[in-house]
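The values are calculated or read from the model by the stated rules, or taken from the named source; none is laboratory data. All values derive from a computational prediction rather than experimental measurement. Cβ placement follows ideal geometry from the backbone for every residue including glycine, while neighbour counts extend to all protein chains displayed.
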Amino acid sequence: MNQETTFDYQAYLDHLEEAIYWHLAWQNRLMGALLCGRAFEDTGHQHCHFGRWFNGAPCPPGRESEIAELAGLHVRLHETATDLLQSHEKCSGVDASAFAEFEEAQSLFFGTLHGLFRTVLSDACQG
């Protein structure tokens with residue numbers, strides 16, 4: 001039996017939706033730290049809920065390149081968040097260039113993530 005006929009698209013999409021929710025919650029906590037001085041502990045890409053799920057999730061058949069691209073963008077998003085937090089700590093404010101890099105990384109990550117979701121949903125409907 002090939003992988004495509006045994007891949008559980010619905011479970012993958014359900015877990016992906018949940019991971020997206022938790023990554024948006026992470027982003028909200030980051031903004032709370034920057035804007036309101038709230039505590040914020042972890043920015044590591046392997047420690048957020050999305051990263052823990054993503055690193056252990058099966059790859060949808062034929063989607064290896066999209067998954068690899070998303071993995072790199074996820075790492076970059078967290079790197080820019082770390083840079084943003086460090087600049088905030090140094091100057092007690094938000095550095096405009098660090099924030100612009102974070103915004104760019106965030107846009108690329110979520111745009112690619114949305115594309116993956118739509119592609120996997122389409123694959124599931126065709127299967």
Checklist entry - Which of (1) acidic (Asp, Glu); (2) at pLDDT below 95; (3) under 30 Å from residue 122 (Cα atoms) is the odd one out, the single condition residue 104 does not satisfy? => result (2)
Checklist entry - Across segment 2-17, which residue is farthest from the chain's Cα centre (by Cα) among those that are modelled with pLDDT under 90 and either at positive phi or polar (S, T, N, Q) (or both)? => result 2
Checklist outcome for this item: Residue pairs within 7 Å by beta carbon, gap of at least six or interchain, first lying in segment 73-99 and assigned to a helix (DSSP H, G or I), second buried (at least 16 other Cβ atoms within 10 Å of the Cβ) and of a type in the set (S, T, N, Q), listed first then second, are 73/112; 77/106; 78/43; 81/43; 82/43; 85/43; 98/87
Checklist entry - Is it fair to say residue 20 is touching a Cys at 6+ places or on another chain (Cβ under 8 Å), in a helix (DSSP H, G or I), closer than 14 Å to residue 116 by Cβ and at pLDDT 90 or above? => result no
Checklist entry - Mind checking whether some residue in segment 68-75 is crowded, with 18+ Cβ neighbours inside 10 Å, over 11 Å from the mean Cα position of the chain (by Cα) and either polar (S, T, N, Q) or closer than 19 Å to residue 18 by Cβ (or both)? => result no
